[in-house]
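Presented below is the structure to which this report refers.
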Amino acid sequence: MHGIPLSRWLFPTAVLLLLLLAGRPWLEHWLITLSAEPRAVTARGDLARDEAATVEIFEAVSPSVVSITTTEPDNSPWTRNPHEVRRGTGSGFVWDELGHIVTNFHVVDKATSARVRLADQRRFRAELIGASPAHDLAVLRIDVPISRPRPLPIGTSADLRVGQKVFAIGNPFGLDSSLTTGIVSALDRTIYSEDGMEIRRLIQTDAAINPGNSGGPLIDSAGRLIGVNTAIYSSTGGFSGIGFAVPVDIVNRVVPQLVALGRYVRPRIGIVADDEASRIVLTRLGIAGVLILRVEPQSPGARAGLVPTRLNAAGEVIPGDVIQSVDGETVARMSDLIDLLDHYEIGDEVMLGIFRNGAVEVVAVTLGGQPPGLD
(Lines give C-alpha, C1' and ligand atoms only; values in the text may rest on other atoms or scores of the structure.)
Protein backbone atom coordinates (compact mmCIF):
# COMPACT_ATOMS: atom_id res chain seq x y z
CA MET A 1 0.00 0.00 0.00
CA HIS A 2 1.44 3.31 -1.08
CA GLY A 3 1.14 6.69 0.75
CA ILE A 4 0.67 7.12 4.50
CA PRO A 5 1.01 3.90 6.48
CA LEU A 6 -2.26 2.74 7.96
CA SER A 7 -0.88 2.85 11.52
CA ARG A 8 0.03 6.56 11.20
CA TRP A 9 -3.46 7.37 9.87
CA LEU A 10 -5.26 5.40 12.51
CA PHE A 11 -3.48 6.97 15.54
CA PRO A 12 -4.76 10.62 15.25
CA THR A 13 -8.16 9.30 14.24
CA ALA A 14 -8.27 7.17 17.36
CA VAL A 15 -7.23 10.18 19.51
CA LEU A 16 -10.03 12.30 18.02
CA LEU A 17 -12.56 9.53 18.65
CA LEU A 18 -11.38 9.23 22.24
CA LEU A 19 -11.82 12.98 22.72
CA LEU A 20 -15.33 12.83 21.31
CA LEU A 21 -16.13 9.88 23.53
CA ALA A 22 -14.79 11.79 26.56
CA GLY A 23 -17.49 14.38 26.06
CA ARG A 24 -17.87 17.93 24.77
CA PRO A 25 -16.66 19.78 27.89
CA TRP A 26 -13.26 18.09 27.71
CA LEU A 27 -12.99 18.84 23.99
CA GLU A 28 -13.96 22.50 24.48
CA HIS A 29 -11.35 22.85 27.24
CA TRP A 30 -8.71 21.37 24.94
CA LEU A 31 -9.61 23.76 22.12
CA ILE A 32 -9.67 26.75 24.49
CA THR A 33 -6.22 25.81 25.78
CA LEU A 34 -4.90 25.86 22.23
CA SER A 35 -6.31 29.39 21.62
CA ALA A 36 -5.71 31.08 25.07
CA GLU A 37 -4.01 34.22 23.80
CA PRO A 38 -4.84 37.97 24.30
CA ARG A 39 -7.34 39.32 21.79
CA ALA A 40 -6.43 42.10 19.43
CA VAL A 41 -7.24 45.59 20.70
CA THR A 42 -9.86 47.50 18.72
CA ALA A 43 -8.76 51.06 17.97
CA ARG A 44 -10.85 53.57 19.92
CA GLY A 45 -10.33 56.73 17.98
CA ASP A 46 -10.51 60.24 19.44
CA LEU A 47 -12.50 61.08 22.55
CA ALA A 48 -15.85 62.71 21.96
CA ARG A 49 -15.65 66.50 22.12
CA ASP A 50 -17.49 66.76 25.45
CA GLU A 51 -15.36 63.98 26.95
CA ALA A 52 -12.16 65.69 25.91
CA ALA A 53 -13.40 68.97 27.36
CA THR A 54 -14.23 67.31 30.71
CA VAL A 55 -10.81 65.65 30.88
CA GLU A 56 -9.13 68.98 30.10
CA ILE A 57 -11.06 70.76 32.87
CA PHE A 58 -10.21 68.11 35.45
CA GLU A 59 -6.52 68.05 34.56
CA ALA A 60 -6.35 71.85 34.76
CA VAL A 61 -8.33 72.28 38.00
CA SER A 62 -7.59 69.23 40.17
CA PRO A 63 -3.99 70.26 41.07
CA SER A 64 -5.48 73.32 42.83
CA VAL A 65 -7.97 71.29 44.91
CA VAL A 66 -6.88 70.17 48.38
CA SER A 67 -8.01 67.79 51.10
CA ILE A 68 -8.48 69.14 54.63
CA THR A 69 -8.34 67.07 57.81
CA THR A 70 -9.27 68.65 61.14
CA THR A 71 -8.68 67.55 64.72
CA GLU A 72 -10.23 68.30 68.11
CA PRO A 73 -9.26 67.61 71.74
CA ASP A 74 -9.88 64.08 72.99
CA ASN A 75 -12.06 64.49 76.05
CA SER A 76 -12.59 60.78 76.53
CA PRO A 77 -12.83 59.75 80.20
CA TRP A 78 -10.93 56.57 79.34
CA THR A 79 -7.54 58.25 79.01
CA ARG A 80 -5.46 60.54 81.22
CA ASN A 81 -3.27 61.70 78.32
CA PRO A 82 -4.79 64.70 76.57
CA HIS A 83 -4.28 64.54 72.81
CA GLU A 84 -6.07 65.40 69.60
CA VAL A 85 -8.25 63.09 67.57
CA ARG A 86 -9.46 63.38 64.03
CA ARG A 87 -12.61 65.48 63.75
CA GLY A 88 -13.50 65.34 60.08
CA THR A 89 -12.47 65.88 56.50
CA GLY A 90 -13.39 68.29 53.78
CA SER A 91 -12.13 69.92 50.63
CA GLY A 92 -10.76 73.31 49.66
CA PHE A 93 -8.94 75.06 46.88
CA VAL A 94 -6.01 77.39 46.35
CA TRP A 95 -7.10 81.03 46.35
CA ASP A 96 -3.87 82.92 45.64
CA GLU A 97 -0.10 82.67 45.31
CA LEU A 98 0.34 83.39 49.05
CA GLY A 99 -0.92 79.98 50.15
CA HIS A 100 -4.47 80.95 51.13
CA ILE A 101 -6.95 78.08 50.97
CA VAL A 102 -10.72 78.61 50.80
CA THR A 103 -13.10 76.10 52.34
CA ASN A 104 -16.39 76.00 54.24
CA PHE A 105 -16.67 77.37 57.76
CA HIS A 106 -18.38 74.18 58.92
CA VAL A 107 -15.36 72.15 57.78
CA VAL A 108 -13.11 73.88 60.34
CA ASP A 109 -15.69 74.92 62.96
CA LYS A 110 -14.71 73.85 66.50
CA ALA A 111 -11.49 72.27 65.25
CA THR A 112 -8.24 72.87 67.11
CA SER A 113 -5.98 72.25 64.13
CA ALA A 114 -6.13 71.44 60.44
CA ARG A 115 -3.84 69.81 57.90
CA VAL A 116 -3.97 70.35 54.17
CA ARG A 117 -2.95 67.70 51.66
CA LEU A 118 -2.17 68.90 48.16
CA ALA A 119 -2.95 66.96 45.00
CA ASP A 120 0.70 65.84 44.85
CA GLN A 121 0.26 64.33 48.36
CA ARG A 122 2.42 66.88 50.20
CA ARG A 123 0.98 67.73 53.62
CA PHE A 124 1.09 71.03 55.51
CA ARG A 125 -0.20 72.31 58.83
CA ALA A 126 -2.73 75.08 58.19
CA GLU A 127 -3.38 78.34 60.01
CA LEU A 128 -6.93 79.69 60.30
CA ILE A 129 -6.90 83.23 58.86
CA GLY A 130 -10.58 84.16 59.06
CA ALA A 131 -14.15 82.90 58.80
CA SER A 132 -17.65 84.09 58.03
CA PRO A 133 -20.26 81.69 59.47
CA ALA A 134 -23.03 83.68 57.78
CA HIS A 135 -21.61 82.71 54.39
CA ASP A 136 -20.21 79.32 55.47
CA LEU A 137 -16.76 80.38 54.29
CA ALA A 138 -13.33 80.16 55.89
CA VAL A 139 -9.76 80.90 54.82
CA LEU A 140 -6.73 78.85 55.85
CA ARG A 141 -3.10 79.47 55.01
CA ILE A 142 -0.28 77.01 54.36
CA ASP A 143 3.40 77.70 53.79
CA VAL A 144 4.45 75.94 50.57
CA PRO A 145 8.16 76.62 49.97
CA ILE A 146 8.43 75.32 46.38
CA SER A 147 6.19 74.16 43.53
CA ARG A 148 3.16 76.03 44.79
CA PRO A 149 -0.14 74.96 43.16
CA ARG A 150 -1.81 77.56 40.99
CA PRO A 151 -4.86 79.53 42.16
CA LEU A 152 -8.14 78.66 40.46
CA PRO A 153 -9.36 81.02 37.74
CA ILE A 154 -12.31 83.08 39.04
CA GLY A 155 -15.58 83.26 37.15
CA THR A 156 -18.83 85.04 37.88
CA SER A 157 -22.16 83.78 39.17
CA ALA A 158 -24.26 86.82 38.23
CA ASP A 159 -24.96 85.49 34.73
CA LEU A 160 -25.46 81.81 35.58
CA ARG A 161 -28.43 80.14 33.94
CA VAL A 162 -30.35 77.03 34.91
CA GLY A 163 -29.19 74.18 32.69
CA GLN A 164 -25.53 75.18 32.46
CA LYS A 165 -23.07 72.32 32.81
CA VAL A 166 -21.04 72.30 36.04
CA PHE A 167 -18.29 70.17 37.58
CA ALA A 168 -17.62 69.46 41.26
CA ILE A 169 -14.15 68.39 42.37
CA GLY A 170 -13.34 67.29 45.90
CA ASN A 171 -12.67 64.41 48.25
CA PRO A 172 -15.99 62.66 48.98
CA PHE A 173 -15.70 60.07 51.76
CA GLY A 174 -11.94 60.73 51.77
CA LEU A 175 -11.48 59.67 48.13
CA ASP A 176 -9.00 62.13 46.62
CA SER A 177 -9.59 64.19 43.49
CA SER A 178 -13.03 62.93 42.57
CA LEU A 179 -14.93 64.57 39.71
CA THR A 180 -18.70 64.67 39.32
CA THR A 181 -20.68 66.44 36.66
CA GLY A 182 -24.14 67.95 36.44
CA ILE A 183 -26.00 71.14 35.72
CA VAL A 184 -27.19 74.25 37.52
CA SER A 185 -30.57 73.04 38.77
CA ALA A 186 -31.78 76.30 40.32
CA LEU A 187 -30.55 79.67 41.55
CA ASP A 188 -31.13 81.89 44.59
CA ARG A 189 -31.87 79.05 47.01
CA THR A 190 -32.01 79.51 50.80
CA ILE A 191 -31.04 76.83 53.31
CA TYR A 192 -30.42 76.72 57.07
CA SER A 193 -27.19 75.61 58.67
CA GLU A 194 -27.05 73.12 61.55
CA ASP A 195 -27.19 75.99 64.05
CA GLY A 196 -30.23 77.50 62.36
CA MET A 197 -28.41 80.27 60.50
CA GLU A 198 -29.97 81.25 57.19
CA ILE A 199 -27.66 81.00 54.15
CA ARG A 200 -29.09 82.69 51.08
CA ARG A 201 -28.49 83.12 47.35
CA LEU A 202 -27.11 79.60 46.89
CA ILE A 203 -26.63 77.72 43.62
CA GLN A 204 -28.49 74.40 43.45
CA THR A 205 -26.86 71.64 41.41
CA ASP A 206 -27.38 67.96 40.67
CA ALA A 207 -23.63 67.30 40.42
CA ALA A 208 -23.04 64.67 43.09
CA ILE A 209 -21.82 66.27 46.34
CA ASN A 210 -21.17 63.95 49.28
CA PRO A 211 -19.60 64.27 52.75
CA GLY A 212 -15.99 65.32 52.17
CA ASN A 213 -16.91 67.46 49.14
CA SER A 214 -17.69 70.44 51.37
CA GLY A 215 -15.43 73.38 50.58
CA GLY A 216 -14.48 72.10 47.15
CA PRO A 217 -14.95 74.13 43.98
CA LEU A 218 -17.90 74.16 41.61
CA ILE A 219 -16.53 74.79 38.12
CA ASP A 220 -18.15 75.96 34.88
CA SER A 221 -17.43 74.60 31.40
CA ALA A 222 -14.71 77.24 30.93
CA GLY A 223 -12.79 75.82 33.93
CA ARG A 224 -13.57 78.83 36.17
CA LEU A 225 -14.67 78.84 39.80
CA ILE A 226 -18.38 79.67 40.06
CA GLY A 227 -19.14 78.41 43.57
CA VAL A 228 -18.01 76.65 46.74
CA ASN A 229 -19.82 73.38 47.44
CA THR A 230 -21.38 73.70 50.86
CA ALA A 231 -24.26 71.31 51.55
CA ILE A 232 -26.51 68.52 50.38
CA TYR A 233 -30.20 67.89 50.87
CA SER A 234 -30.43 64.34 52.12
CA SER A 235 -32.28 62.21 54.64
CA THR A 236 -29.53 59.57 54.64
CA GLY A 237 -26.34 61.65 54.67
CA GLY A 238 -25.54 60.62 51.10
CA PHE A 239 -26.19 62.54 47.91
CA SER A 240 -29.78 62.42 46.68
CA GLY A 241 -29.68 64.73 43.68
CA ILE A 242 -29.69 68.14 45.38
CA GLY A 243 -26.52 69.99 46.32
CA PHE A 244 -25.81 73.63 47.09
CA ALA A 245 -22.88 75.97 46.50
CA VAL A 246 -22.03 79.50 47.66
CA PRO A 247 -21.90 81.70 44.51
CA VAL A 248 -18.46 82.93 43.52
CA ASP A 249 -19.58 86.58 43.49
CA ILE A 250 -20.21 86.27 47.24
CA VAL A 251 -16.94 84.36 47.71
CA ASN A 252 -15.01 87.03 45.82
CA ARG A 253 -16.46 89.71 48.07
CA VAL A 254 -16.09 87.92 51.41
CA VAL A 255 -12.74 86.13 51.07
CA PRO A 256 -10.60 89.28 50.51
CA GLN A 257 -11.96 90.68 53.79
CA LEU A 258 -11.22 87.42 55.59
CA VAL A 259 -7.65 87.54 54.28
CA ALA A 260 -7.17 91.20 55.23
CA LEU A 261 -9.18 91.46 58.46
CA GLY A 262 -9.84 87.93 59.64
CA ARG A 263 -13.59 88.61 59.60
CA TYR A 264 -16.30 89.88 57.29
CA VAL A 265 -17.63 93.37 57.98
CA ARG A 266 -21.09 93.81 56.48
CA PRO A 267 -22.03 97.09 54.80
CA ARG A 268 -24.53 98.75 57.13
CA ILE A 269 -26.80 101.75 57.52
CA GLY A 270 -26.88 101.70 61.35
CA ILE A 271 -30.47 100.98 62.28
CA VAL A 272 -32.19 98.67 64.75
CA ALA A 273 -35.28 96.80 63.57
CA ASP A 274 -37.34 93.77 64.53
CA ASP A 275 -39.57 91.78 62.18
CA GLU A 276 -42.19 91.05 64.85
CA ALA A 277 -42.46 94.71 65.83
CA SER A 278 -42.63 95.65 62.15
CA ARG A 279 -45.44 93.17 61.56
CA ILE A 280 -47.58 94.49 64.39
CA VAL A 281 -47.24 98.15 63.40
CA LEU A 282 -47.20 97.75 59.63
CA THR A 283 -50.24 95.50 59.56
CA ARG A 284 -52.14 98.37 61.15
CA LEU A 285 -50.78 100.74 58.50
CA GLY A 286 -51.51 98.30 55.68
CA ILE A 287 -47.97 98.37 54.24
CA ALA A 288 -44.91 96.09 54.15
CA GLY A 289 -41.23 96.74 54.85
CA VAL A 290 -38.79 97.16 57.74
CA LEU A 291 -39.85 99.56 60.46
CA ILE A 292 -36.90 101.52 61.90
CA LEU A 293 -37.06 101.27 65.68
CA ARG A 294 -33.82 103.11 66.40
CA VAL A 295 -31.08 104.89 64.44
CA GLU A 296 -27.57 104.59 65.85
CA PRO A 297 -25.84 107.92 66.55
CA GLN A 298 -23.21 108.96 63.98
CA SER A 299 -24.25 106.09 61.72
CA PRO A 300 -24.86 106.34 57.94
CA GLY A 301 -28.61 106.27 58.68
CA ALA A 302 -28.31 109.16 61.13
CA ARG A 303 -26.32 111.22 58.63
CA ALA A 304 -28.97 110.51 55.97
CA GLY A 305 -31.74 111.73 58.31
CA LEU A 306 -33.60 108.43 58.79
CA VAL A 307 -36.36 108.76 61.37
CA PRO A 308 -36.75 106.19 64.20
CA THR A 309 -39.97 105.09 65.91
CA ARG A 310 -40.73 107.15 69.01
CA LEU A 311 -43.34 107.88 71.66
CA ASN A 312 -45.28 111.14 71.89
CA ALA A 313 -46.15 112.98 75.09
CA ALA A 314 -49.26 110.85 75.50
CA GLY A 315 -47.21 107.62 75.29
CA GLU A 316 -48.51 106.73 71.83
CA VAL A 317 -46.23 105.03 69.30
CA ILE A 318 -45.31 107.23 66.35
CA PRO A 319 -43.96 104.93 63.60
CA GLY A 320 -40.62 105.89 62.13
CA ASP A 321 -39.45 105.41 58.56
CA VAL A 322 -40.30 102.10 56.89
CA ILE A 323 -37.64 100.83 54.47
CA GLN A 324 -39.42 99.23 51.51
CA SER A 325 -36.68 98.95 48.88
CA VAL A 326 -32.95 99.21 48.19
CA ASP A 327 -32.13 100.55 44.72
CA GLY A 328 -35.55 99.37 43.57
CA GLU A 329 -35.28 95.86 45.11
CA THR A 330 -38.21 95.10 47.42
CA VAL A 331 -37.59 94.72 51.16
CA ALA A 332 -40.19 92.79 53.16
CA ARG A 333 -38.19 91.81 56.27
CA MET A 334 -34.89 92.49 57.99
CA SER A 335 -33.14 89.51 56.38
CA ASP A 336 -34.05 90.93 52.96
CA LEU A 337 -32.40 94.23 53.88
CA ILE A 338 -29.24 92.54 55.18
CA ASP A 339 -29.02 90.34 52.11
CA LEU A 340 -29.43 93.23 49.67
CA LEU A 341 -26.87 95.40 51.47
CA ASP A 342 -24.47 92.45 51.42
CA HIS A 343 -24.13 92.91 47.66
CA TYR A 344 -22.53 96.34 48.08
CA GLU A 345 -19.18 97.56 49.31
CA ILE A 346 -18.58 99.83 52.29
CA GLY A 347 -18.66 103.37 50.91
CA ASP A 348 -21.23 102.63 48.19
CA GLU A 349 -24.28 104.87 47.98
CA VAL A 350 -27.69 103.20 47.88
CA MET A 351 -31.13 104.65 47.36
CA LEU A 352 -33.60 103.60 50.05
CA GLY A 353 -37.28 103.66 49.24
CA ILE A 354 -38.97 104.63 52.51
CA PHE A 355 -42.53 105.17 53.69
CA ARG A 356 -42.67 108.35 55.78
CA ASN A 357 -45.71 110.30 56.98
CA GLY A 358 -48.05 108.57 54.57
CA ALA A 359 -45.90 109.06 51.47
CA VAL A 360 -43.06 107.22 49.71
CA GLU A 361 -39.70 109.00 49.53
CA VAL A 362 -36.21 108.10 48.29
CA VAL A 363 -33.26 108.72 50.60
CA ALA A 364 -29.60 108.34 49.62
CA VAL A 365 -27.41 106.56 52.19
CA THR A 366 -23.65 105.95 52.03
CA LEU A 367 -22.99 102.53 53.53
CA GLY A 368 -20.68 102.27 56.52
CA GLY A 369 -18.69 99.48 58.12
CA GLN A 370 -17.86 98.60 61.70
CA PRO A 371 -19.83 100.59 64.29
CA PRO A 372 -17.82 103.23 66.18
CA GLY A 373 -16.06 101.83 69.24
CA LEU A 374 -16.04 98.23 67.90
CA ASP A 375 -12.96 98.43 65.68
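The values are calculated or read from the model by the stated rules, or taken from the named source; none is laboratory data. It should be emphasised that the depicted structure is a prediction, and the values quoted were computed from it without experimental measurement. Glycine gets a Cβ as well: all are built from the backbone with ideal geometry, and neighbour counts include every protein chain shown. With ligands, DNA and RNA removed, areas are computed over all heavy atoms of the protein, side chains included. Shrake-Rupley method; radii C 1.70, N 1.55, O 1.52, S 1.80 Å.
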Under a 5 Å amide H to amide H cut-off, with H placed in plane at 1.01 Å, what residues pair with Val166 once short-range neighbours are removed?
Gly182, Ile183, Val184
Would you tell me the accessible area of Phe105, worked out with a 1.4 angstrom probe on the heavy atoms of the protein chains, in Å² to the nearest 10?
50
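Could you work out how much longer the chain between Met197 and Thr366 gets when fully extended? Use 0.36 nm per residue separation minus the Cα distance between them, nm to one decimal. Show your work: numbers first, answer last.
Values: separation 169, 0.36 × 169 = 60.84 nm, distance 2.75 nm.
So the extension gain works out to 58.1 nm.
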Would you please put 285-293, 214-222, 165-173 in order of how densely packed they are, using the mean number of other Cβ atoms within 10 angstrom per residue and starting with the highest?
214-222, 165-173, 285-293
Taking only the C-alpha atoms, wrap a convex hull around region 144-222 and report its volume per residue in Å³ as a whole number.
134
Using a 1.4 angstrom probe and counting only protein chains, how large is the accessible area of Glu296 in Å², to 10?
40
Give me a comma-separated list of calculated 3J(HN,Hα) values for region 131-147, in order, Karplus coefficients 6.51, -1.76, 1.60 applied at θ = phi - 60°, integers in Hz, x for any Gly or Pro.
8, 10, x, 4, 10, 6, 10, 9, 10, 10, 9, 10, 9, 9, x, 9, 6
Mean separation of Cα contacts under 8 Å (6+ apart) over length of region 267-339, as relative contact order %
30
Peptide ranges 42-48, 146-152, 247-253 listed from the most packed, as the mean C-beta count within 10 angstrom indicates:
247-253, 146-152, 42-48
For Val265 and Val162, calculate 0.36 nm times their separation in residues minus their Cα-Cα distance, and state this gained length in nm to one decimal.
34.0 nm
For Arg284 and Glu51 in the same chain, what is the full-extension length gain: residue separation times 0.36 nm, less their Cα-Cα distance, in nm?
77.8 nm
Nonlocal amide H pairs with Leu218, under 5 Å, H built at 1.01 Å:
Ile226, Gly227, Val228, Asn229
